[in-house]
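Asks: Got a structure for you, questions after.
The values are calculated or read from the model by the stated rules, or taken from the named source; none is laboratory data. Nothing here was measured: the structure is a model prediction, and the numbers come from that model. Reconstructed Cβ throughout: ideal geometry from the backbone, glycine too, with neighbour counts over all protein chains shown.
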Amino acid sequence: MTKRLLIILCALVLLTGCWDERQFKNVKLVLTMGFDEGEDGKIVETVSIPTINRASEGQSQERVQILSTEANTPLEARDFTDQSISESFDPGKLRVLVIGEELAKKNIYSVLDEFYRNPSNNLNAHLAIAKGKASEVLSYQNISDTRISEYISGLLEGAEASSHTTGENIQLICAELFEPGEDFSLPLLAVDEEKQSIKFSGMGLFHGNHYSGIDIPVGQATMYLLLQGYKGKSAHLTKKVSDKFEDERYNYVTVNVIKYKRKVDIKAEGDTVSTDINLKLRVRVVEYPADHLDKKSTIDELDKKLSETLTKDAEEIIGMMQEANSDIWGIGRQVRAYHPKVYEKLDWKETFPNMKITPKVDVEIVQHGIIY
Amino acid sequence: MGFMKRLFFGDHEKLKDRTIVDQAKEPEQPSSTKLADNVDYLTNEFNRTSDLRIRILEKGQAALMYLETLVDQEKLHEAIFSPIELGHVDDISKIPSSRVTKNLEEAIKALLKGHAIYIQDGSRHISQFNVTASFNRSTEEPQNEKIVRGSHDGFIENIMVNINLVRKRIENRDLTIKYFKVGKKTNNNMALLYLDGVTDPELVQEIEHRLKYISADMIHSPGYVEEFIEDQTFSPFPQMLNTERPDRVVANLIEGRVAIMNEGSPTTLIAPSTFFSFYQSSDDYNMRWFTGTFVRLIRLASFIIAVGMPAFYIAVVSFHFEVIPDELIMPVKQTINGIAYPPLIEALVMVVIIELIREAGIRLPQPIGQTIGIVGGLVIGDAVVKAGLVSNLMVIVVALTAIASFVVPSNEMSTTLRLLTFPLIFLAGTLGFIGITFGFMMILIHMTRLESFGVPYLSPVAPLRIKDLKDTFIRVPIYLMNERPKDSRAIQPGVVGPSREWKEVERSNNQQQPKQSIEEGKSTGSESGPNADS
């Protein structure tokens, strides 16, 4: 009996073993992937594949191969790509997924579907929209980092730390893709030919599963994120607060948000929904050459001025969101949850762009740095 | 019958020389009054061995016999000839230090022990003199169990010296020693040590019972005894602790365990032992308890590293490379790209090489052993990577595993760990993380099932006894280990009484005395500190 069991066990392990083995040394890692709209409803998949050769001594050589393939679906494109590379294609360690503007404007879910289905995919990968074509971003050669994946993911992580983007990845937008009462935004990347770099250029607003084409510019992105209730490691706001000085730089103040309090008040009566958003910012002045911050009057004045300017900014941002019909804050979901009867009567897609959203930003300077 | 006899005639046996050993019926061969018959019998029994010396004394009327290879000539002279030369006695048979017997079989035993016997014609009495030569090395610290602080002596090959080392440390009448004779041909001495009143008598009985079943021509080391009496021989885990340290033996005896010693080997067996006792070292108790705990935790972590590390690496690079952090992915890929063999083979090759180096190093004399270590470790390690046979990472992993396996204070457990690596490597190479999970599960199941003399191997973790965890993962201060752990089966629980009560006393004194001094200050007008009036 024991002998038979032993034989069975050995057979089980040795015969079926290595069944789903995936040798790490035998895969071609795809770290960056891009999708563009092709001709006749096809898509173009661009991948950058780094190949490292083992060097017995000293620096090893790394070469990056960039391939573009046109196919009907992302997986078909992957199969085509696989045919032109050595070893096998594996997106298990994908770090950046870039989607071209044109394709994003149609629908991004068709591209992402495969990523949600296959468990070996890296749902942690950064997601970004390319201004223009994704292939342009991926094949951009003049970069300081060795790999485009490192460059773009570093860029996006930096933008996330400075409160310019929310750090979305494939997993995080999943719920919002399917949820009708809530939308999302993705960071935009553009190739800056003049400065020879890839540049973060704001947040692209989405409606449902497609890109609306309306962007929050980089200058407004921090405020946009604060309104959304998101702050990275630091959040700098630079605003003009006076016209008094001849030296232009004296007219500006830069503050870093230390703490914020956000309160969204949704009122639903009959078939009208209105929202008040109150944002209280406690800030530290990090740059203000005009100084005199030791006086209470200066501080009060600055508080007031900043509150006004930022409220105006907030209004602008809300205007853009409504224009894009992008319900980033999930107001629709809240209405659906707390006022289901009102929600039933409304077509949220129609309501959101026209609803009344009143922002109020309250700034309080609490620190002014170590000089005064 | 015996009762009546004792009542009427007294117990004569009490007056006889004896050692307290339960011995089975001894064969008897009564001596003859004829000297020649006795000598003939003895020489025949010894097959006319050349080292049996027969010295004819008193003009052929008497004979002194001894095995010259076992006898110390000086002692012989001192015990037998000097009393006569000095005129204390006029006949060798009257020297008081002799033991007398009439049994020739006993005389044979005495001769084998290194005694000299003196037989006179016309008398059936055989006088035995203890003139054994013993060659002992000094009680040096054992090479395989060195510690930094604490006692630096170790057991040697002489069982008497070993027991002496233990008795010196436990000056207590309850320390009981039972001798056994084992090995049908070799007839070795074996001793069972325990602390009466602390050790479970059932445990002692059980071990005696098992020891009596041993029937083999030779018992030449504790390893033999271990395999005869342990509960599960088909287990990679040692179920008895091997040690050459007297302090370790003493500590275990006090905890209520039993020690088994063998003549001719410095290794002592301790039973019952649990998994955690293999991770305790005398050093732990000489350190501050924080450091002791830290070191203990490091050692237990080494178990996981030693057993699971190569398996984990193999599983990662051949099944689940998604778990490698993003920043490491390219460096890892770089090292393993272009390696011809799958990681499974790679790991096996490396682990076997490490074992080869280790094994080669042990046997060779010290200077050559070091060379082997350097050649094996540095040269082969470097060349193998450069040649592209094995990846850099695999060398790191295997080296780390080897180091981790040597962390265990017990050599037995260390070899077990290195052995357990292999099945896990296979499982990881065929089934990935699932294989490792199954492997560890099987090991765990096996360990929970294992028993060492009635004590669960994983106690006090399984079955859980929180009180006894004081000396497993952590090492609490000694005065808090006030009870003996249950896994020693001790019948007397308390081991440390309230020992730090002085602190309480001090505190209460400090609280009371200032009041007194104030009162005194009022009455006498002088201020006296708490120390002044005590």
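Asks: Could you tell me whether A:GLY319 is touching a residue at least 24 places away in the same chain (Cβ under 8 Å), under 23 Å from A:GLY204 (Cα atoms) and either of a type outside the set (Ser, Thr, Tyr) or assigned by TED's automatic domain parsing to the domain that holds A:PRO180 (or both)?
Replies: Taking the combined requirement at face value, the residue does not satisfy it.
Asks: Would it be correct to say that A:LYS195 is outside the structural domain of A:ASN278 (by TED's automatic domain parsing), assigned to a loop (DSSP other than H, G, I, E, B), more than 20 Å from A:GLY319 (Cβ to Cβ) and basic (Lys, Arg)?
Replies: So A:LYS195 passes the test.
Asks: Of all the residues that make up the stretch B:314-326, how many are more than 7 Å from chain A (Cβ to nearest Cβ) and more than 43 Å from the chain's Cα centre (by Cα)? Give the derivation first.
Replies: Applying the first criterion (more than 7 Å from chain A (Cβ to nearest Cβ)) to the stretch B:314-326 yields B:314-316, B:320, B:323-325.
This time we only want the ones that are more than 43 Å from the chain's Cα centre (by Cα), so: B:320, B:323-325.
Residues flagged as more than 7 Å from chain A (Cβ to nearest Cβ) and more than 43 Å from the chain's Cα centre (by Cα) within the stretch B:314-326 amount to 4.
Asks: Does A:VAL218 satisfy being β-branched (Val, Ile, Thr), in contact with a Gly (Cβ under 7 Å, 6 or more places away or on another chain) and at pLDDT 90 or above?
Replies: Yes: the conditions hold for A:VAL218.
Asks: When you scan the stretch A:74-87, do you find a residue that is within 14 Å of chain B (Cβ to nearest Cβ) and within 25 Å of B:PHE319 (Cβ to Cβ), even just one?
Replies: Scanning the stretch A:74-87 turns up at least one residue that is within 14 Å of chain B (Cβ to nearest Cβ) and within 25 Å of B:PHE319 (Cβ to Cβ).
Asks: So which residues in the stretch B:149-189 are farther than 26 Å from B:TYR213 by Cβ, touching a Leu at 6+ places or on another chain (Cβ under 8 Å) and β-branched (Val, Ile, Thr), if there are any at all?
Replies: B:ILE170, the sole residue that qualifies.
Asks: While we're here: Only one of these is out of contact with any strand residue (DSSP E or B) (no Cβ under 6 Å at 6 or more places or on another chain), within 22 Å of B:SER277 (Cα to Cα) and either crowded, with 16+ Cβ neighbours inside 10 Å or polar (S, T, N, Q) (or both): B:MET394, B:MET447. Name it.
Replies: None of the others qualify; the one that does is B:MET447.
Asks: Among the residues of the stretch B:485-508, how many are surrounded by 15 or more Cβ atoms within 10 Å (Cβ to Cβ) and in contact with a helix residue (DSSP H, G or I) (Cβ under 8 Å, 6 or more places away or on another chain)?
Replies: 6
Asks: Quick check: is even one residue across the stretch B:358-376 surrounded by 21 or more Cβ atoms within 10 Å (Cβ to Cβ), more than 9 Å from chain A (Cβ to nearest Cβ) and within 30 Å of B:PHE276 (Cα to Cα)?
Replies: No - not one qualifying residue is present in the stretch B:358-376.
Asks: Considering every residue within the stretch B:429-450, establish whether at least one is in a loop (DSSP other than H, G, I, E, B), closer than 18 Å to B:ARG257 by Cβ and at pLDDT below 90. Even if it seems obvious, please write down each step before you answer.
Replies: Here is the first cut: in the stretch B:429-450, the ones in a loop (DSSP other than H, G, I, E, B) are B:432, B:450.
Filter once more, keeping what is closer than 18 Å to B:ARG257 by Cβ: B:450.
Within this subset, residues satisfying the condition of being at pLDDT below 90 are none.
No, the stretch B:429-450 contains no residue that is in a loop (DSSP other than H, G, I, E, B), closer than 18 Å to B:ARG257 by Cβ and at pLDDT below 90.
Asks: Is the stretch B:367-374 home to any residue that is touching an Asp or Glu at 6+ places or on another chain (Cβ under 8 Å) and within 30 Å of B:ASP284 (Cβ to Cβ)?
Replies: no
Asks: Evaluate the stretch B:268-291: report whether one residue or more is of a type outside the set (S, T, N, Q), at positive phi and outside any helix (DSSP H, G or I).
Replies: Checking the stretch B:268-291: not a single residue is of a type outside the set (S, T, N, Q), at positive phi and outside any helix (DSSP H, G or I).
Asks: I need every pair where a residue in the stretch A:274-290 that is within 30 Å of A:LEU346 (Cα to Cα) has its Cβ under 6 Å from the Cβ of a residue that is small (Gly, Ala, Ser) and surrounded by fewer than 16 Cβ atoms within 10 Å (Cβ to Cβ), sequence separation at least 6 or different chains.
Replies: none
Asks: Anything in the stretch B:377-389 that is within 11 Å of another protein chain (Cβ to nearest Cβ), part of a helix (DSSP H, G or I) and surrounded by fewer than 16 Cβ atoms within 10 Å (Cβ to Cβ)? List them, or say none.
Replies: If the condition is that a residue be within 11 Å of another protein chain (Cβ to nearest Cβ), part of a helix (DSSP H, G or I) and surrounded by fewer than 16 Cβ atoms within 10 Å (Cβ to Cβ), then B:ASP382, B:ALA383, B:LYS386 are the ones that fit.
Asks: Filtering the stretch A:47-72 down to residues that are assigned to a loop (DSSP other than H, G, I, E, B) and away from chain B (no Cβ under 11 Å), which residue is modelled with the lowest pLDDT?
Replies: So the residue we want is A:GLY58.
Asks: Looking only at helices (runs of 4 or more DSSP H) that fall completely inside the stretch B:49-145, which ones have 3 or more residues that are modelled with pLDDT of 85 or more, in the same structural domain as B:VAL39 (by TED's automatic domain parsing) and not basic (Lys, Arg)? Give the derivation first.
Replies: On the way: elements: B:73-76, B:82-85, B:104-113.
Hits in the stretch B:49-145: B:73-76, B:104-113.
Asks: Could you tell me which residue of the stretch A:17-46 is nearest to the other protein chains (Cβ to nearest Cβ), considering only residues that are assigned to a loop (DSSP other than H, G, I, E, B) and not hydrophobic (A, V, I, L, M, F, W, C)?
Replies: So the residue we want is A:GLY17.
Asks: Restricting to the stretch A:267-313, and then to whatever is over 26 Å from the mean Cα position of the chain (by Cα) and closer than 20 Å to A:PRO353 by Cβ, can you tell me which residue is surrounded by the fewest Cβ atoms within 10 Å (Cβ to Cβ)?
Replies: So, considering only residues that are over 26 Å from the mean Cα position of the chain (by Cα) and closer than 20 Å to A:PRO353 by Cβ, the one surrounded by the fewest Cβ atoms within 10 Å (Cβ to Cβ) is A:GLY270.
Asks: Shifting gears a bit: Could you please find all residues in the stretch B:223-250 being in contact with a strand residue (DSSP E or B) (Cβ under 6 Å, 6 or more places away or on another chain) and farther than 18 Å from B:GLU206 by Cβ?
Replies: B:ASN242, B:THR243, B:GLU244, B:VAL249
Asks: Which residue, of A:ILE99, A:ILE85, A:ILE108, A:ILE173, is among the hydrophobic types (A, V, I, L, M, F, W, C), touching a residue at least 12 places away in the same chain (Cβ under 8 Å) and farther than 22 Å from A:ASN209 by Cβ? It would help to see each step written out before you state the result.
Replies: Details: A:ILE99 fails: farther than 22 Å from A:ASN209 by Cβ; A:ILE108 fails: farther than 22 Å from A:ASN209 by Cβ; A:ILE173 fails: farther than 22 Å from A:ASN209 by Cβ.
When all the criteria are applied, what remains is A:ILE85.
Asks: Continuing with this model, one more query. Quick check: is even one residue across the stretch A:97-114 closer than 24 Å to B:ILE324 by Cα and acidic (Asp, Glu)? Working first, answer last.
Replies: Keep residues of the stretch A:97-114 that are closer than 24 Å to B:ILE324 by Cα, which gives A:97-98, A:112, A:114.
Cutting the leftovers down to acidic (Asp, Glu) gives us A:114.
Yes - at least one qualifying residue is present in the stretch A:97-114.
Asks: Looking for whichever is under 23 Å from A:ARG117 (Cα atoms), of a type in the set (Asp, Glu) and more than 14 Å from chain B (Cβ to nearest Cβ) here; the options are A:GLU194, A:GLU176, A:GLU136, A:GLU160. Which one fits?
Replies: Of the residues listed, the single one that is under 23 Å from A:ARG117 (Cα atoms), of a type in the set (Asp, Glu) and more than 14 Å from chain B (Cβ to nearest Cβ) is A:GLU176.
Asks: Please indicate, with yes or no, whether at least one residue in the stretch B:327-345 is under 44 Å from the mean Cα position of the chain (by Cα), within 24 Å of B:ILE436 (Cβ to Cβ) and aliphatic (A, V, I, L, M). Let's see the steps before the verdict.
Replies: First pass over the stretch B:327-345, keeping only residues under 44 Å from the mean Cα position of the chain (by Cα): B:341-345.
Now restrict to residues that are within 24 Å of B:ILE436 (Cβ to Cβ): B:341-345.
With the extra rule that they be aliphatic (A, V, I, L, M), the set shrinks to B:344-345.
Scanning the stretch B:327-345 turns up at least one residue that is under 44 Å from the mean Cα position of the chain (by Cα), within 24 Å of B:ILE436 (Cβ to Cβ) and aliphatic (A, V, I, L, M).
Asks: Let me ask something else about it. Kindly indicate whether A:LEU94 is within 14 Å of chain B (Cβ to nearest Cβ), touching a helix residue (DSSP H, G or I) at 6+ places or on another chain (Cβ under 9 Å) and touching a residue at least 40 places away in the same chain (Cβ under 8 Å).
Replies: In short, yes.
Asks: Between a first residue in the stretch B:429-455 that is within 14 Å of chain A (Cβ to nearest Cβ) and a second residue that is part of a loop (DSSP other than H, G, I, E, B), which pairs have beta carbons less than 7 Å apart while being 6 or more apart in sequence or on different chains?
Replies: Hits for this filter: B:THR430/A:GLY17; B:THR430/A:CYS18; B:LEU431/A:GLY17; B:GLY432/B:PHE319; B:GLY432/B:HIS320; B:PHE433/B:PHE319; B:PHE433/B:HIS320.
Asks: Just to confirm my filter: which strands (runs of 3 or more DSSP E) fall fully inside the stretch B:159-256 and include at least 1 residues that are within 30 Å of B:SER138 (Cβ to Cβ) and under 15 Å from the mean Cα position of the chain (by Cα)?
Replies: In the stretch B:159-256, the matching strands (runs of 3 or more DSSP E) lie at B:188-195, B:241-243.
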